[in-house]
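Colleague: One structure follows; several queries about it will come next.
The values are calculated or read from the model by the stated rules, or taken from the named source; none is laboratory data. This is a predicted model, so every value here is computed, not measured. Note: ideal-geometry Cβ built from the backbone for every residue, glycine included; neighbour counts use all protein chains shown. With ligands, DNA and RNA removed, areas are computed over all heavy atoms of the protein, side chains included. Shrake-Rupley method; radii C 1.70, N 1.55, O 1.52, S 1.80 Å.
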Amino acid sequence: MKPAPFKYFAPSTVDEVLALLAEHGFDAKILAGGQSLIPTMNFRLAQPAVLIDINRIENLFFVREEAGELRVGAMTRHRTLERSSTVSRLAPLLTETMPNIAHPQIRNRGTIGGSIAHADPAAELPATMLALRARFKLASASEARWVEASDFFIDLFMTELQPEELLTEIAVPALPKRTGFAFKEIARRHGDYALVGVAVLLAVDEENICTDANLVFMSVGNGPVVGEQAQQALLGKKASAENMDLAAAAAASEDIDPPSDMHASSDFRRHLTKVLLKEALQTAFERAQKA
Amino acid sequence: MATRYFGKPIKRNEDPRLLKGQALFVDDVNLPDMLHVAFVRSDYAHAKIKSIDVSAAREREGVVAVYTAEDLGDYWQPGPLLVPPPPIAGLTFNQKTQVPLAKDRLKHVGEPIAVIVAASRYIAEDAAEDVIVDVEPLEAVADLESALSDEAPVIHEDLDSNLSAHVVQEKGNYAKIRAQADVLIKRRIFYDHGIAAAMENRGIVAHWNAKEQHLKIWDTTQAPIPIQNGLAAMLGLSESQVQVVAPFIGGGFGPKIMMFYPEEVLIPWISMQLQRPVKWIEDRRENFFATTHERSQIHDSEIALTRDGKVLGVQDVFLHDAGAYAPYGLTVPINSQCTLLGPYDVPNYYSEFKAVFTNKTIVTPYRGAGRQHGVFVMERLLDLAAKQLGIDRVEIRRRNYLTPDQFPHDHEIVYQDFAPLVYDSGNYQPALERAAEMIGFHDFIKNDQPAARTAGRHLGIGIVSYVEGTGIGPYEGARIKVDASGKVNVATGIGTQGQGHFTSFAQIVADQLGVTVDNVRVVTGDTCEFHWGTGTFASRGAVVAGNAIHAAAVGVRKKILKHASEHLEAAEADLVLDNGAVHVKGVPQKSVSLGELARISNPLRGAVKPGMEPGLESTDYFGPERGTTASGVHAMIVEVDPDAMMVEIKRFVVVHDCGKVINPMILEGQIHGGVAQGIGNSFYEELVYDEGGQLLNASLMDYLLPTATDVPHIETDHIETPSPLNPLGVKGAGEAGAIPVGALFAQAIEDALSDYDLEILEIPLSPNRLFELVHMQAATKQES
């Protein structure tokens, strides 16, 4: 389990990275926290010719508030996000998500940018980013652009990120009033990739009529899956247990087409989605009433 | 003799070194000019080799040598049959053992095809990708049940079928008693055991020193002496030219026994060919394919009982997956066959099994070694009987236990050690009562469970029992010597993989010689220190090596007393060994240290008297006539979330009887580790194969080992029924924790989900499988 030979660069500025990406493009891989890439290379499933290590680029490590938004540098470690009061104030759903990601050792190394760019359908952060309506800044040697999370995740391990681009920054809008949130997942062992997970934003008005619902599932498709039918079952309706049940049923039967694998059948994933979404909606609703 | 150490939970001598990272493991051995090895392994479960092209690999910079089967010449031989079949009448056994490198056919994924020797492991792995193996894929034999059908491809071309062995053992007359039974319960039962997944994978360093004409091998083996003798014979060296060192090893659990693995056979040969030290360290991926497994059995079982729950007999017919070769003979299925009977009085027993070759990794013993499978069958049949007859689960076991007056108890069948299956001793009911009391069995059923159910929670309880044949022969030995410093050296041939031998063996010696435990240095697993013995397996270290060490210590004590008696001019009967010295009883100032006696017994001038040997040294051996029978009861309370099908263990109780306990803390560690592996086997671990014989989850990301958060606090207690078969009265404890956990999970989960009316007749379980079982049951109910 030794990686195949590769060229290694450890630049200290974003510009240097972008120049290297412009030169090597498809042949290059960005090394962020390495928690997925290094095992994949050791199994020789990935054999990049060039590895660009961005761990020395200081201005990719930050968490700050900017114009009422949360802004996070792509190299910010999971552990930093987990413990940040700025994050818990502006994006408590992200704080609630973090302990579900693997183990402390992995969270000490893993980065938000790495997780988003890798786009594992079983990973927590892509789903949470989608639920939070985050935006990602993608830079190349020639330009920088902001992409909505909803436009970013394309397919299995496929994103809008081009070979010559680097994800540098994540922007997360703060939660409006009377908006609740919840993150729930079920994993075989604590720290494993979830069998099913769900990230939920739910807003209600003073009459507890649902004014916004953003429901995202993980481990049930080729990427994070938005529960559009489930959302329709809630929008403009009372946030009642009955309607939440209807939404959960719609999610399980219409929104997702989960794969079967050795850990869970498609049927079991549908069942778990229903169970988790009900719980998550209830939690989010309780929080929304107080927010 | 005062026992100051035997039976005491003293801390382990070896731990400071281990905790500080100062203990030697095989991968710590780094020698000048050492070369590194990687293997080209089969990607196919079953294929014909058409050609192997290694030319590109040979040309890669840094590659020193590449070998295929052809390059091995006469050294290419099938491995030894390690355990021949026991003497059972009418037995069929088709001998097939693994080869060092595949020649014509590939018989399982991971089978080695070529070996690359290079300046680094990185280069060796790069070169392994250069090798082109052209094959004709063949249909794989992946399914146990269809492997014996006429349509199945035959794996070993010179055999008629994939039958590895066929064995029938019988006691009494089941067919006759069946006709008289009030109740017959028949089920198909499936049990799958996984991989040992030791923390340290296998590894070998071999160093042929041409000037010394000496081959030194560091090997992660449980059995260094058989490896020394076997390799010497294969390599044409004398046994004394080959030294095998089994240093600290991060877990053995069976698969590191004297396997003569291809890597074990090839690395020393390569070192001699190239006249350089050579290292191979198995990686985790290789471990999944190349280190032996334990896997599945399918049992068709029937139990016959009276209406008051007394067992009249059991009939059990099963298939056993042997894998591609069967170098370890029939140990695993024979253990299943024999251990099924458990602590119960079963007057009539018919047991028949067929071991089957499949295109999968070789099956050899892994902690429990087939006992899990047998225990699961018997415990499940008893649970079904209890339910059908309306008898309490504790009571049905109580009614069927062998009673203390039935020992020694002859089961009239043959065990894995070739001796009749005779239980030496046992007293089962106290452990059952104690376990039921500790977990509050009846109170739980009466109060806690209904109260939880009313609150919408699903709690369940289980209680199961088992026996474990332990401490089998043939023998072990030990040499003990007192240094002039007064320190005591103990050498034994067995290997150590974390069992605490450096402490428990020191405790035995310290009590005999009147020294403190920290003055006893124990060496295990170095053939230059001691070269007689077999190895660490079958829960036999404490029983067989422990008693050999005891015997040698008694020998040294005799010499000490003889010399001290002369020196102090006192009768031996008046002497006391204490605090590293001998003194005359009641006259503490009339004393001589053991170090002084060691010097006196090994004079530089004068003479060692005729009939005397120099030094305070003794070598002795212990060979039991047959194994001892340990036993125990496990009980558990679980909570099952019927929505997510997650299972949480609320309490886990083990009451264990392994005779006299040397060190209760070490024993508890053994039990905790075994239970953890049992939990893994029951609810987390599963080798998932596709129909082409490909293992789909060969990484620790998908092969789920239980972690610290999945293993509960384990409450233990001990019953001591000493073995009459050895002076220390000890029985083995290495495997006990792991054996009954599957049966316990099945029973406790059934109990928790009693409103779903499940029958759990398989292991491993998982949330997904429980979901399926509940839905299948619901569908069946709807139909009826």
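Colleague: Looking at A:E242 and the list (1) part of a strand (DSSP E or B); (2) more than 14 Å from chain B (Cβ to nearest Cβ); (3) not small (G, A, S), which single condition is not satisfied?
Modeller: (1)
Colleague: Moving on. For residues that are open to solvent by less than 20 Å² (accessible area, probe 1.4 Å), under 22 Å from the mean Cα position of the chain (by Cα) and among the hydrophobic types (A, V, I, L, M, F, W, C), scanning just segment B:610-640, find the one that is nearest to B:K11 (Cα to Cα).
Modeller: B:A630
Colleague: Mind listing whichever residues of segment A:4-51 are touching a Lys or Arg at 6+ places or on another chain (Cβ under 9 Å) and over 24 Å from A:S142 (Cα atoms)?
Modeller: A:A4, A:F6, A:G33, A:G34, A:Q35, A:L37, A:M41, A:N42, A:F43, A:R44, A:A46, listed by residue number.
Colleague: Answer yes or no as to whether B:V592 is without any contact (Cβ under 8 Å) to a residue 60 or more places away in the chain, out of contact with any Asp or Glu (no Cβ under 7 Å at 6 or more places or on another chain), part of a strand (DSSP E or B) and of a type outside the set (G, A, S).
Modeller: Criteria met by B:V592.
Colleague: Say we look at segment B:641-665 and pick out the residues that are within 14 Å of chain A (Cβ to nearest Cβ) and outside any loop (DSSP other than H, G, I, E, B); which of these is most open to solvent (accessible area, probe 1.4 Å)? Show your work before the answer.
Modeller: Going residue by residue through segment B:641-665, those that are within 14 Å of chain A (Cβ to nearest Cβ) are B:641-649.
If we keep only those that are outside any loop (DSSP other than H, G, I, E, B) too, we end up with B:641, B:646-649.
Values: B:D641: 61, B:M646: 51, B:V647: 24, B:E648: 99, B:I649: 27 Å².
Step by step, filter segment B:641-665, then rank; the result is B:E648.
Colleague: Same structure again: May I ask you to say which residue of B:R434, B:R457, B:R453 is closer than 25 Å to B:T721 by Cβ and either within 24 Å of the chain's Cα centre (by Cα) or open to solvent by 20 Å² or more (accessible area, probe 1.4 Å) (or both)?
Modeller: Among B:R434, B:R457, B:R453, only B:R434 is closer than 25 Å to B:T721 by Cβ and either within 24 Å of the chain's Cα centre (by Cα) or open to solvent by 20 Å² or more (accessible area, probe 1.4 Å) (or both).
Colleague: Let me ask you something else. Being assigned to a loop (DSSP other than H, G, I, E, B) and within 26 Å of B:F418 (Cα to Cα) is the filter; apply it to segment B:160-186 and report the residue that is most open to solvent (accessible area, probe 1.4 Å).
Modeller: B:N173
Colleague: So B:P724 fits all but one of (1) more than 20 Å from the chain's Cα centre (by Cα); (2) closer than 23 Å to A:H190 by Cβ; what number is the exception?
Modeller: The one condition B:P724 does not meet is (2).
Colleague: Which condition number does B:A478 fail, the rest of (1) at pLDDT below 95; (2) assigned to a strand (DSSP E or B) being met?
Modeller: Evaluating B:A478 over (1) at pLDDT below 95; (2) assigned to a strand (DSSP E or B) leaves (1) as the failure.
Colleague: Check whether at least one residue in segment B:349-358 is out of contact with any strand residue (DSSP E or B) (no Cβ under 6 Å at 6 or more places or on another chain), open to solvent by 10 Å² or more (accessible area, probe 1.4 Å) and assigned to a strand (DSSP E or B), and report yes or no.
Modeller: Checked segment B:349-358: no residue is out of contact with any strand residue (DSSP E or B) (no Cβ under 6 Å at 6 or more places or on another chain), open to solvent by 10 Å² or more (accessible area, probe 1.4 Å) and assigned to a strand (DSSP E or B).
Colleague: Please identify the pairs in which a residue from segment A:77-104 that is more than 16 Å from A:S115 (Cα to Cα) has its Cβ atom under 7 Å from the Cβ atom of a residue that is of a type in the set (S, T, N, Q) and buried (at least 19 other Cβ atoms within 10 Å of the Cβ), counting only partners at least 6 apart or on another chain.
Modeller: Once the first residue is more than 16 Å from A:S115 (Cα to Cα) and sits in segment A:77-104, its partners that are of a type in the set (S, T, N, Q) and buried (at least 19 other Cβ atoms within 10 Å of the Cβ) give A:V87/A:T95; A:S88/A:T95; A:L93/A:T128.
Colleague: Restricting the first residue to segment B:41-67 and requiring it to be touching a residue at least 12 places away in the same chain (Cβ under 8 Å), which pairs with a second residue that is part of a strand (DSSP E or B) and of a type in the set (S, T, Y) meet a Cβ separation below 8 Å and a spacing of at least six or different chains?
Modeller: What qualifies is B:I52/B:T68; B:V54/B:T68.
Colleague: Still on this structure: If I ask for residues that are within 12 Å of chain A (Cβ to nearest Cβ), out of contact with any helix residue (DSSP H, G or I) (no Cβ under 7 Å at 6 or more places or on another chain), open to solvent by less than 10 Å² (accessible area, probe 1.4 Å) and assigned to a helix (DSSP H, G or I), which ones from segment B:672-703 would you list?
Modeller: Hit for segment B:672-703 is B:G680, nothing else.
Colleague: Residue check, B:T68 against (1) out of contact with any helix residue (DSSP H, G or I) (no Cβ under 9 Å at 6 or more places or on another chain); (2) of a type outside the set (K, R); (3) modelled with pLDDT of 95 or more; (4) surrounded by fewer than 18 Cβ atoms within 10 Å (Cβ to Cβ), all met but one. Which one?
Modeller: Looking at each condition in turn, B:T68 falls short on (4).
Colleague: Taking B:R285 and the conditions (1) within 14 Å of another protein chain (Cβ to nearest Cβ); (2) open to solvent by less than 10 Å² (accessible area, probe 1.4 Å), which numbered condition does it fall short on, given that it satisfies the others?
Modeller: Of (1) within 14 Å of another protein chain (Cβ to nearest Cβ); (2) open to solvent by less than 10 Å² (accessible area, probe 1.4 Å), only one is false for B:R285: (2).
Colleague: Now for a different question. Take the residues in segment B:758-781 that are away from chain A (no Cβ under 14 Å) and not in a helix (DSSP H, G or I); name whichever of them is farthest from the chain's Cα centre (by Cα).
Modeller: Residues of segment B:758-781 away from chain A (no Cβ under 14 Å): B:758-763, B:777, B:780-781.
Checking the rest, the ones that are also not in a helix (DSSP H, G or I) come to B:758-763.
Numbers: B:L758: 32, B:E759: 30, B:I760: 26, B:L761: 25, B:E762: 22, B:I763: 19 Å.
Once the filter is applied, the top-ranked residue is B:L758.
Colleague: B:E613 - would you say it is modelled with pLDDT under 95 and over 30 Å from B:V774 (Cα atoms)?
Modeller: yes
Colleague: Spot the failing condition for B:M272; the list is (1) open to solvent by 20 Å² or more (accessible area, probe 1.4 Å); (2) touching a Gly at 6+ places or on another chain (Cβ under 9 Å); (3) more than 14 Å from chain A (Cβ to nearest Cβ); (4) of a type in the set (A, V, I, L, M), and only one is missed.
Modeller: Tallying (1) open to solvent by 20 Å² or more (accessible area, probe 1.4 Å); (2) touching a Gly at 6+ places or on another chain (Cβ under 9 Å); (3) more than 14 Å from chain A (Cβ to nearest Cβ); (4) of a type in the set (A, V, I, L, M), B:M272 fails exactly one: (2).
Colleague: Go through segment B:8-28 and give me each residue that's among the hydrophobic types (A, V, I, L, M, F, W, C) and closer than 25 Å to A:F43 by Cα.
Modeller: Across segment B:8-28, the qualifying residues are B:F25, B:V26.
Colleague: Can you pull out every residue in segment A:226-236 that is surrounded by 16 or more Cβ atoms within 10 Å (Cβ to Cβ), hydrophobic (A, V, I, L, M, F, W, C) and part of a loop (DSSP other than H, G, I, E, B)?
Modeller: A:A233, A:L234
Colleague: Determine which single condition A:E185 fails, assuming it passes every other condition in (1) surrounded by fewer than 20 Cβ atoms within 10 Å (Cβ to Cβ); (2) within 14 Å of another protein chain (Cβ to nearest Cβ).
Modeller: (1) is the only condition that A:E185 fails.
Colleague: Within segment B:8-36, take every residue that is buried (at least 19 other Cβ atoms within 10 Å of the Cβ) and in contact with an Asp or Glu (Cβ under 8 Å, 6 or more places away or on another chain) and give me the one that is farthest from B:R121 (Cα to Cα).
Modeller: Ranking the qualifying residues of segment B:8-36, first place goes to B:N13.
Colleague: If B:A708 satisfies all but one of (1) modelled with pLDDT of 95 or more; (2) open to solvent by 20 Å² or more (accessible area, probe 1.4 Å), what's the number of the condition it fails?
Modeller: Failed condition: (1).
Colleague: Taking segment B:738-757, which residues are outside any helix (DSSP H, G or I) and at pLDDT below 95?
Modeller: B:D757
Colleague: Filter segment A:1-55 down to the residues that are of a type in the set (F, W, Y) and away from chain B (no Cβ under 14 Å), then identify the one that is most open to solvent (accessible area, probe 1.4 Å).
Modeller: Among those residues, the one meeting the criterion is A:F26.
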